[in-house]
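Written out below as structure tokens is the structure these notes cover.
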Ligand SMILES: NC(=O)c1ccc[n+]([C@@H]2O[C@H](COP(=O)([O-])OP(=O)(O)OC[C@H]3O[C@@H](n4cnc5c(N)ncnc54)[C@H](O)[C@@H]3O)[C@@H](O)[C@H]2O)c1
């Protein structure tokens, strides 16, 4: 540990597993306090307990549905009280799901995707901002996707939410700058990373994970899918003051996919 985010206090949504869990561990290892939140409350608490076993007193775990405005207000207040401040927000919670081409899609599915992947980011930015301003220099990190920058058939709802998060990130960055607040806002755009979100692809490959991964990596120049820490390292950089002149920007973590 080199303390790259020592003194920072970060709230990470969707932290019970996958990328959120990896980001929480990464920030804690580098000295931050972390509030791990998830709709899976026992999962969030289990991650916080595991982090505390390695880094005593650094982690807190709460149940938190990111689509619920009332819960957002409560969770940011609680996290700020428990950690003493809130200087980093990682809007990570999100869902992927099955491929759905237009005529098989439904308004219910579309709205669910919007609520979890997109509206949650607005709510997080809105309710965290007063705390972030008070703890500046501060950083908001929104987990979008390569799917927010490039479309794919069958991914209309997901594409739309992740593109919205990409653009919304820039709006918030500019608003904060205009106000003279030292609260930066950036987005991260991963390609396929090895988490449970890839389960539908494994199912499509008849439960054969290796076969699914082989299919997914075909279009990726580096010919592999990513590890959660590939994303967590980018979040660490954006959370730290090393990135103090970067706002309204995006980091692609895609093995070269969108360079083609
Ligand atoms: N893994 C990838 O390949 C990949 C690629 C690009 C972008 N992403 C994005 O990264 C983020 C994290 O995904 P992951 O791969 O870790 O997936 P994951 O399914 O492993 O984890 C997502 C977490 O979000 C939580 N969650 C779902 N709905 C929620 C809600 N309403 N409120 C609070 N928490 C909720 C889940 O309980 C889970 O713990 C998502 O936004 C996803 O779109 C992932």
Relative to the longest principal axis of the chain, what angle (0 to 90°, nearest 10) does the C-alpha long axis of helix 120-134 take? 20
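Say R0 is 35 Å: what FRET efficiency, to the nearest 0.05, do residue 204 and residue 250 get from their beta-carbon distance? The partial results should precede the final answer.
Details: r = 29 Å, r/R0 = 0.82.
Computed FRET efficiency for residue 204 and residue 250 comes out at 0.75.
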In degrees, nearest 10, range 0 to 90: what is the angle between the Cα axis of helix 69-83 and the longest Cα principal axis of the chain? 50
What distance in nm separates the simple spin-label points at residue 136 and residue 74, each placed 7 Å from Cα in the Cβ direction? 3.1
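What number in nm² do you get for the chain if you take the convex hull of its Cα atoms and divide its surface by four? Display every interim value, and only then the final one.
Details: hull surface 54.3 nm².
Its Cα hull, projected and averaged over all orientations, spans 13.6 nm².
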Once you have a ≥ b ≥ c as the square roots of the Cα gyration tensor eigenvalues for the range 184-225, tell me rounded if a/c is under 1.5, and otherwise prolate or oblate according to whether a/b is larger than b/c. oblate
Could you work out how far helix 228-239 tilts from the main Cα principal axis of the chain, as a 0 to 90 degree angle to the nearest 10? 40
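What number, rounded to the nearest 500 deg cm²/dmol, is the helix-based mean residue ellipticity at 222 nm of the chain, given -39500 (n - 2.57) per DSSP H run of at least four residues and division by all its residues?
Working: 9 runs with 114 residues, N = 260.
The helix-only estimate for the chain comes to -14000 deg cm²/dmol at 222 nm.
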Of all alpha-carbon pairs in the range 52-191, indicate the percentage at a distance above 22 angstrom. 43
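What is the gain in length, in nm to one decimal, between residue 224 and residue 107 on full extension, counting 0.36 nm per residue of separation less the C-alpha to C-alpha distance? Working shown, then result.
On the way: separation 117, 0.36 × 117 = 42.12 nm, distance 3.44 nm.
Full extension from residue 224 to residue 107 adds 38.7 nm.
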Could you give the distance between the Cα centres of the range 213-255 and the range 126-148, to the whole Å? 17
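A short reminder: the numbers here are calculations on the coordinates, not readings from a lab. Computed from a prediction, not measured in an experiment: that's the story for all the values here. Quick reminder, even Gly has a Cβ in these numbers, built from the backbone with ideal geometry, and neighbours come from all protein chains shown.
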